Amino acid sequence: MRTIWWDGGQVMMINQRILPLEHAVVSYNDYHAVATAITDMVIRGAPAIGAAGGFGMALAAQQSTATSRDEMLDDLVQAKQVLDAARPTAVNLAWATSRLLELAAKSDDIPSAVLAEAQRLADQDVEINRRMGANGAAVVPHGANILHHCNTGSLATVDYGTALGVVRAAWEQGNPVHVWVDETRPQLQGARLTAWELMEAGIPMHLIADNAAGYLMLAGKVDVVIFGADRVAANGDVANKVGSYKLAVLAKENGIPCYSVAPASTIDLNAATGDDIPIEERDPHEVTHIGGVQIAPDDVPVYNPAFDVTPHRYITGIVTEEGVCYPPFTESLRCVKEAAEARIKEVKP
Ligand code: MRU
C-alpha cells in the first residue's frame, strides 16, 4: 500500500486524518495545498512528509510561470521555504526539498528533472525501509513482545515502514512476534493507524493505553521497545513522537533494550545534540478533543508539544538502512550518513 504517489500531474495521498473509519484518497495540484496537508497531518510520519515535500517541489516546478531558468529556480527556493515551514521537527522534509533544489540547479529541463527525482526519492524510500527492516529484524528476539509508539508503518513512509518495518520484517522471516501498540495520545496514531496496519498484516497485537506501558514493563511483558525518529542529532539524541522519552527511560530502568529505527535522511549532523532540534507545538484542540468530542473545560490552558527528545544514553541502538548504529553514536552515525550519501550518488543516472 503506497501512502503517496504521483498521477497525471497531481500528488495523491491517503487521507490519514480519517483512517481507520474511512479510507479516502486526496489529490493536490498546488504546492501550497501540499504544505497545508503536511501541517494538517493528512500525510504524516517523517519519511512520508519527505516524499510529500519532494512531490510538492515537482508541483512548484509544474506551476511556475517563470520565463527564465533563474526565475524558475527562485520559484523553487520560495516553494522550499513554504514546504519546509509546514512541520519543523522531521528533518526529512528539508532534506528532500534540498535534494530537489540541488538537482534543479544542475538540470536543463527543470520540471521533468524535479519530477523524476521526486519519484526516485519516493521509490528509494520503500527500498530503504526494506533494508532497515532486514537490519532491525536481526535484533528482535524470537517471539518477542515488542512495545511500539506512534505509527511508523507504511502510512508514515511511502511504503513498508521504519520501526513497524522492522516488526513486519521479523514477522515475514517467521519470528512469531507480538506487538503492544501504544494508543499515542493526543492524535492516536497508534490506535488509529498502527493497530489498523498490524491487523491488515495479520501480526498479533494488543492496543494499550499509553499509561499501561510501565506496568507491562515491570511485569516482564515487554522484551524490546522500538520506535521511529523524526530527527537524530549527531550525538544520537532522538526526537520522536512525544512519549518516546518516557518509554526509553522506563525501558532502561527495567533492563529492556530500546531501539530507534530511522533512515539516514533522518540523521541531522548539523544538530550537535537534541537541544538543537526544534520541537513542534500543535493546536490545543488536539488535547481538548477526541474525535470531535470535547473532553476538557472550555478555554482550558493547554501545552501540546508534538515530539520529545530521548537522550542517547537511553538508546540501545539506532537501526538504519546501512546497519545498526551503536554507541559511540557520533562515530557510527557519521559513517552511516556518509555511506547513504555515497549510495544516492551512485544510483543517479
Ligand atoms: O506527528 P507524526 O504522526 O508525524 O509523528 C510521527 C512519528 O513520530 C514517527 O514516529 C516518526 O515520524 C518516525 S517513523 C516514520
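Readers should treat all values here as calculations from the given coordinates under stated rules, not as data from a laboratory. These figures come from a predicted structure and were not determined experimentally. When we count neighbours, we look across all protein chains shown, and the Cβ atoms used for this are built from the backbone with ideal geometry, even at glycine.
Miscellaneous remarks
- The single condition among (1) out of contact with any helix residue (DSSP H, G or I) (no Cβ under 6 Å at 6 or more places or on another chain); (2) within 16 Å of the ligand (Cβ to nearest atom) that T266 does not satisfy is (1).
- Strands (runs of 3 or more DSSP E) enclosed by the stretch 127-224 - at least 1 residues per element that are charged (D, E, K, R) and under 21 Å from the mean Cα position of the chain (by Cα): 178-182
- Within the stretch 227-264, being assigned to a loop (DSSP other than H, G, I, E, B) and under 19 Å from P47 (Cα atoms) holds for G228, A229, D230, A234, G236, D237, V242, A262, P263.
- Taken over the stretch 310-346, residues that are within 22 Å of F227 (Cβ to Cβ), in a helix (DSSP H, G or I) and not small (G, A, S) amount to 8.
- Members of the stretch 139-164 found to be buried (at least 24 other Cβ atoms within 10 Å of the Cβ) and closer than 15 Å to N175 by Cα, listed by number: I146, L164
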